[in-house]
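Read-outs: derived from the displayed coordinates by stated rules, not from any lab. Quantities reported herein were computed from a predicted structural model and do not represent experimental measurements. Cβ atoms come from the backbone with ideal geometry, glycine included; neighbour counts cover every protein chain shown.
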Amino acid sequence: MHIEEFLRGATATPGLTGSEMAVAEYVAAAFRPYADEVKIDRLNNVVAHIKGDGPKVMFCAHLDEIGLMVVKIEDDGSLRMGNVGGVDPRILPGMRLTVYGREPLLGIVGAKAPHLQTEEESQKNYKREDLHIDLGLPVERVRELVQVGDLVMLEARFTKLQNGHVATKTADDRACVAMLLKAMQLLQGMRHKADLYFVATCQEEIGSYGAAMSGFNIEPDYAVALDVCHGTTPGAPPLSTHKLGALVASMGPFIHPVVRAKLMDVAKAHNIEVQTAVVPGRTSTDADDINIQRGGIPTILLELPLKYMHTTVEMLDMHTLEEGARLLSHFAAAVDASWEEELWT
Amino acid sequence: MLRDTLKTLLSAWGPSGGEHGVADTIKELLGGHVDSMRTDVMGNLIVEKYGTDDNAKRIMISAHMDQIGLVVTSVEKEGYLRVHNVGGIGMKASEYRRVVFENGVEGVLVSQPVQQGEAKLKDMFIDIGAQDREEALSMVQLGDVAVYAPEIFSLGKHRVSAPGMDDRCACALLVELLLYAEDQKNTIVGVFSTQEEVGLRGAKVAAYALEPDLGIGLDVTAWGDTPETKLPDIKLGAGPAVKIMDSSMIATPMVRDALFDAAEAAGVAVQREVLPFGGTDGAAIQHARGGIPSGTLSIPCRYVHSACETIDMRDMEGALKVLLQFVNIV
Amino acid sequence: MDLKQLTDLHGPSGNERAVRRAIVEAAKPLADEVKIDRSGNVICLKKGTNPDKPAVMVAAHMDEVGFIIAGYTEEGLLRFRPVGGIDPRVIVSKWVAIGDDNIPGVIGALAIHLQSADDRKRVLKYNDLYIDIGAKDQKEAEKLCPLGTYAAFDTPYAEFGDGFVCAKALDDRVGCYNLLRLLEDRYPGDLYCCFVTQEEIGLRGSQGAAYHVPAGIGIALEGTAAGDLGDVKEQFHITRPGQGVAVSFMDRASIADRELYRQVLALAEGAGIRHQIKQGVTGGNDAGSLQVGGGGRKTIVFSVPCRYIHSGASVAKLSDIDDQLALTREYLNNL
């Protein structure tokens, strides 16, 4: 399956944090032709295994997306929403959504009309509590079709822009799941010693639980977490963003320096550009929680730069995604038992 | 009976780290009625009632014994005690509140006027009626903990109010489940956990060691049926709540749905809970080891973390019926 | 190894290599087994003399708070971030050592003469501060101090006053110092001396140790805050240097096992070991990991009071450090 086609399908398939079933099936089906075994575990992690005799390596990207949840049905049929993960309320006014009640329903996010607002009110951002979802249905019908706790997915639109850029929702982090898929495809034609696990993890957006549990279950010798980081846009604070055109490999106390150095050697040998981000503490990705599983797991983090993170128009460079897959496949082929001796010296 | 068990447990003294008195009370209530009972290194009381099925699943059901409290960190030379919170103590709920230590010493938690902003815990002290530091230290020690003094009363026909309802009402529920479950299909591993209020610590240790097949947290949840408080959309007396999501976990859909099924089979109306804050033992079980499918059943409670936490006994009775059904159908 | 040698080593969280090497070398002749685990912790086993006595793990962390180079200015100044909690107000006009070659750097500030009245009121944040190594341009700065290079406070060790010591990283080289001294003796029960990594950035190395070390009792040896000088209200002192090892009943990460706490205080009284009770519920340490990890443990924390902890010039009383060792030994010998 072509990566762009996969990404288009994956970002449109629902998989909110904690309820990733539909997208887990989609991803498992895509992984299947390229692995010896693909399983969906009882918490919705998708685990693909490409067997080898050497050290065990786990690559992971998260499957789940942020979204909303119905928290109350008002007497006029409008719905109030709560967050599932960190949705910025500023993107909501005028947003089209799908409410997963007894059937998928189209909803629009509404707010107090401008002509009804005071001068003061119109200078402030809308708060989520002041917004509602309009289903265009009378309250009796709403109550038949919708319940408190029903999930709400943001609008899925995949837009191709200039110069190989695309904008879509949930590039965080399904663009990296696409990278895993492409790496697995490339590995079909490559020799490797390592015992490889490619995992699409669940529940990252609420606390990286899928990654923690996968790290515990698989107990790899090394782990490579994949996530997205911020692309440069006006007004961003210093040292917090990178250009879209190349991957970013983090450095810092949560990243194993020796494993990272091996990654950089592979990148250099294959002419793959890699930028550096210095992270002095928590990376706020799956890497943080895999790192401390069992007795500890040497972990590194590779990130795809994205502009407008956590909106429905997350923008990335497809070429960077392809280069990322190339880097992962060559890294997987390079993993060797001799790395162990160098870990702590 | 549920109301009697509740009152007995509400009268026990037990902040995080000092739950032994509550555990002893529970041991007395359960002794002779269960298949096994033991205490682990964290002080969790672990009680098992075996299931009849050959492939019985081990269901860990956790209710925490600890309540919030205040620990003595220093004594002023005039005999006033300076304190730090143990668990989530609210400032408003604390002002001029009667508190009590394990050894029975009572005191008043006093809030002092501050120059700017609101009084914080460091601006408060406990007055135990001592003349000076020496007398105070003959009555209590550094590190001793005080809790809101128990005061149990009824509101109308169905409601009960007291400090420590969080989470003694769930402990009462678990006690009754263990007493009345008979020949149920699955094995109930009841965990009366410790130190939940300071970070789900007891349940983390218990879940890791027990490795159950499924987990259920039992706790209180907030309310949305008083003036100005509309969320979460939970009402007292409208039935126990099946948790869909809170800050600490998203209930595993399979377990959450099994709770809804159990409620339907038991003929109990339940509410759907979405909480934008809070955490329960259910999360500790779900994230243990390689992940354990888990959910939480909640008792709607008004004025949580005050000295007048209020619940409706009809919600408790409904919850008991749901649990008795759940351990048979899952 | 003495305390000076230990505090002179540079090991910010995530870059404990130099400290780990020195400790492995010092521990090898003393312990029965020395291993490095998958979190980079050094685990030393000293077998006990009595198989009926329980095993105990005692932990001290090798890492210190420090800095990491995160970027550059065109003129060749280094942009940096803290590793662990360092208040930016204590680093202005101080000295650092960067990288394996200990390249000297200074954290300067705009001369006071050039500041306006408003400037002087503003708190300088990390984005406003730079390390200057005297590089002529960005290229030279990048070459000498590549991105991700770690830096540590550069403070000369000094014993001063009436039995006081001033150094950087007393938190927690005092613990490491005592942990090495513990290895000199054998005790009734098996003793696991665990020199752990990355405590300052979230009690991380100790989680790995907690998972695999087979001991049912855990003791953390730490440095803790002391706020007793400068006309501070008594309720905020927490601990006082000179009054002995501080025993905690509770902190943010763990609650001391009640029985263990009482036992330890009784032992201290009985043996005449100078001790105090930590009068605050501030901070969290490795005991938090030891208590809930690997199936759970009884835990307790013994701390050395340190004034100006997490700055480049922390201060402790030497006798308190010896008291921490004495109390730990007394406990291990009376299992």
At R0 = 51 Å the Cβ-Cβ FRET efficiency linking A:R90 and B:Q112, nearest 0.05, sits at 0.80
Taking Lys and Arg as +1 and Asp and Glu as -1, residues besides A:W344 with C-beta under 12 Å from its C-beta add up to 0
Surrounding charge for C:E184, neighbours by C-beta under 12 angstrom, Lys/Arg +1, Asp/Glu -1, total +3
Ranked by GNM mean-square fluctuation in chain A (Cα springs under 10 Å), the top entry among A:L181, A:L116, A:L43 is A:L116
For peptide B:286-296, the mean count of other chain Cβ atoms within 10 Å per residue Cβ is 5
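Please say if chain C is rounded, prolate or oblate, where rounded means a/c under 1.5 for a ≥ b ≥ c the square roots of the C-alpha gyration tensor eigenvalues, and otherwise the choice is prolate for a/b larger than b/c and oblate otherwise? Walk me through the numbers before you get to the answer.
Working: a/c = 2.23, a/b = 1.60, b/c = 1.39.
Because a/c hits 1.5 or more and a/b exceeds b/c, chain C counts as prolate.
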Taking Cα atoms only, helix B:313-329 is inclined relative to the longest principal axis of chain B by an angle, in degrees rounded to 10, of 40 degrees
Farthest towards the positive end of the dipole of the protein assembly as shown, among C:G288, A:N163, C:P82 and with Cβ unit charges of +1 on Lys and Arg and -1 on Asp and Glu, lies the Cα of A:N163
Rounded to the nearest 10 degrees, the helix A:318-334 long axis (Cα) sits at an angle to the longest Cα principal axis of chain A of 40 degrees
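If you wrap the stretch B:202-330's Cα atoms in a convex hull and average its projection over all directions, what's the area in nm²?
On the way: hull surface 30.8 nm².
Reported value for the Cα convex hull: 7.7 nm².
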Footprinting proxy, B:V147, A:V71, A:V199: sorted fewest to most Cβ within 10 Å, the residues are B:V147, A:V71, A:V199
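On average, how many beta carbons from a partner chain sit within 10 Å of the beta carbon of a residue in A:277-289? List each step's numbers first, then the result.
Details: counts 3, 10, 6, 16, 12, 2, 0, 0, 0, 0, 0, 2, 1.
Whole-number average of other-chain Cβ neighbours for A:277-289 is 4.
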Computed over the stretch C:66-153, the Cα gyration tensor eigenvalues, each multiplied by 5 and square-rooted, give semi-axes in Å (largest first) of 22, 15, 11
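Take peptide A:252-264, look around each residue's Cβ out to 10 angstrom, count Cβ atoms belonging to other protein chains, and average those counts.
On the way: counts 10, 17, 6, 2, 3, 5, 0, 0, 1, 0, 0, 0, 0.
So the per-residue partner count for this stretch is 3.
Provide the gained length on full extension for the span B:D53 to B:R3, in nm with one decimal, where the gain is 0.36 nm per separating residue minus the Cα-Cα distance.
On the way: separation 50, 0.36 × 50 = 18.00 nm, distance 3.14 nm.
Full extension from B:D53 to B:R3 adds 14.9 nm.
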Footprinting proxy, B:S94, C:S311: sorted fewest to most Cβ within 10 Å, the residues are C:S311, B:S94
Computed for the stretch B:69-148: size of charge dipole around the Cα centre, +1 on C-beta of each Lys and Arg, -1 on C-beta of each Asp and Glu, debye to nearest 20, value 300 debye
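Over all directions, the average projected area of the alpha-carbon convex hull for the stretch A:143-243 comes to how many nm²? Write down the numbers at each step before the final one.
Numbers: hull surface 46.5 nm².
Projected over every direction and averaged, the Cα hull of the stretch A:143-243 covers 11.6 nm².
Can you give the net charge of the other residues whose Cβ lies under 14 Å from the Cβ of C:A271, counting K and R as +1 and D and E as -1? Please report the intermediate quantities before stating the final value.
Working: positive: C:R274, C:R329; negative: C:E269, C:D322, C:D323, C:E330.
Value of the local net charge: -2.
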From DSSP H assignment alone, runs of 4+ in the protein assembly as shown each adding -39500 (n - 2.57), the sum over residues rounded to the nearest 500 puts [θ] at 222 nm at -8000 deg cm²/dmol
With the convex hull built on the alpha-carbon atoms of the stretch C:202-323, volume per residue in Å³ sits at 111 Å³
Sorting C:S314, A:T299, B:A172 by the position of each Cα along the dipole of the protein assembly as shown (Lys, Arg +1; Asp, Glu -1; all at Cβ), the one nearest the positive end of that ordering is A:T299
The Cα extents of the stretch A:67-154 along the principal axes, largest first and rounded to whole Å, are 40, 28, 18
Ranked from fewest to most other Cβ atoms within 10 Å of their own Cβ, A:S250, A:S240, A:S214, C:S319 fall in the order A:S240, C:S319, A:S250, A:S214
Both in Å, the radius of gyration and Dmax of the C-alpha trace of the protein assembly as shown are 29.1, 85
